[in-house]
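Asker: The following block contains the structure, expressed as structure tokens.
The values are calculated or read from the model by the stated rules, or taken from the named source; none is laboratory data. Computed from a predicted model, the values in this text were never measured in an experiment. Every residue, glycine among them, receives a Cβ derived from its backbone with ideal geometry; neighbour counts consider all protein chains shown.
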Amino acid sequence: MSITRYLALAALLTALPVAAQNKPAERKLYCWDEGGRKVCGDALPASAVNSARTEISSRTGLPGVRTERLLSPGEQAEAAAQEAARRQEAERIAAQKRSDTALAESYDSEDALRHAFKVRYELVDESLKTSEMTISTQRKSLLQLMRTAADLELEGKPVNEKLSQDIQAQRAALVGAMHMQQQQQAERSLLDSQQQEALARWRRTRGIEAGTP
């Protein structure tokens, strides 16, 4: 190769990077909503910085990056609350599924599950019997104390402080026993719905339709 051609080739190779560097950058167009109408321009005004917008290539005319509008503090708080509620609901469903699976694995048959509830029924029934006897005994004791106080008043004698305190204490004990009995009765009634719910969950997890023997 002659020196002249060599120098021409070297000059050409040296000029290539310069040409590449001088290549103008691709311009971008922006389109956004403003006052209910679509506006496009090659510069984004300050009023549209927080608005939803789409970048469009000036070379191809095709839409590119889509930027959603910036949420207000109130909208951000609402979105965070919705996300927290969604996660909580997902956790509740997952916990329910684990509970259903454990229930299905713990009992091989409906009879076994019913037997477990039968034991709970018997415990509550025994507690109710005990409460009934306690209430009966405390009521008799309270009536006896009140009769003693009434006899003293009929005789024109004062009711001493100890007797008054005993009456108040016995009345409070009777009221407490009655409240306990009400709670036990509510628990007894709740067992019915709990048993039906447990049976339905057991059948659903086992893939058994209701009423199938």
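Asker: Quick check on my filter: what residues within region 133-157 are out of contact with any helix residue (DSSP H, G or I) (no Cβ under 7 Å at 6 or more places or on another chain) and not polar (S, T, N, Q)?
Answerer: Kept after step one, since they are out of contact with any helix residue (DSSP H, G or I) (no Cβ under 7 Å at 6 or more places or on another chain), are these residues of region 133-157: 133, 136-137, 140, 143-144, 147, 150-157.
Matches in region 133-157: MET133, LYS140, LEU143, ARG147, ALA150, ASP151, LEU152, GLU153, LEU154, GLU155, GLY156, LYS157.
Asker: Here is a list: ARG98, ARG87. Which entry is among the charged types (D, E, K, R) and either modelled with pLDDT under 75 or not in a helix (DSSP H, G or I) (or both)? Don't jump to the end; show me each part of the working.
Answerer: Values: ARG87 fails: either modelled with pLDDT under 75 or not in a helix (DSSP H, G or I) (or both).
Criteria check complete, one pass: ARG98.
Asker: Shifting gears a bit: Considering ALA79, ALA112, which residue is at pLDDT below 85 and among the hydrophobic types (A, V, I, L, M, F, W, C)?
Answerer: Selected residue: ALA79, the only one of ALA79, ALA112 that is at pLDDT below 85 and among the hydrophobic types (A, V, I, L, M, F, W, C).
Asker: Just give me the residues in region 140-183 being surrounded by 13 or more Cβ atoms within 10 Å (Cβ to Cβ), over 25 Å from SER127 (Cβ atoms) and among the small types (Gly, Ala, Ser), in sequence order.
Answerer: Listed by number, the residues that qualify are ALA149, SER164.
Asker: Take TYR121 and decide whether it is surrounded by 11 or more Cβ atoms within 10 Å (Cβ to Cβ), modelled with pLDDT under 85 and aromatic (Phe, Trp, Tyr).
Answerer: Working: surrounded by 11 or more Cβ atoms within 10 Å (Cβ to Cβ): yes; modelled with pLDDT under 85: no; aromatic (Phe, Trp, Tyr): yes.
No.
Asker: Hey, can you tell me all the residues within region 158-213 that are within 29 Å of GLU110 (Cβ to Cβ), among the aliphatic types (A, V, I, L, M) and part of a helix (DSSP H, G or I)?
Answerer: Scanning region 158-213 gives ALA186, LEU190, LEU191, ALA198, LEU199, ALA200.
Asker: Starting from region 143-164, take each residue that is closer than 21 Å to VAL175 by Cα and list its partners that are surrounded by 11 or more Cβ atoms within 10 Å (Cβ to Cβ) and among the hydroxyl-bearing types (Ser, Thr, Tyr), counting only C-beta distances under 7 angstrom and pairs at least six apart or across chains.
Answerer: Listed pairs, sorted by first residue: LEU163/THR148.
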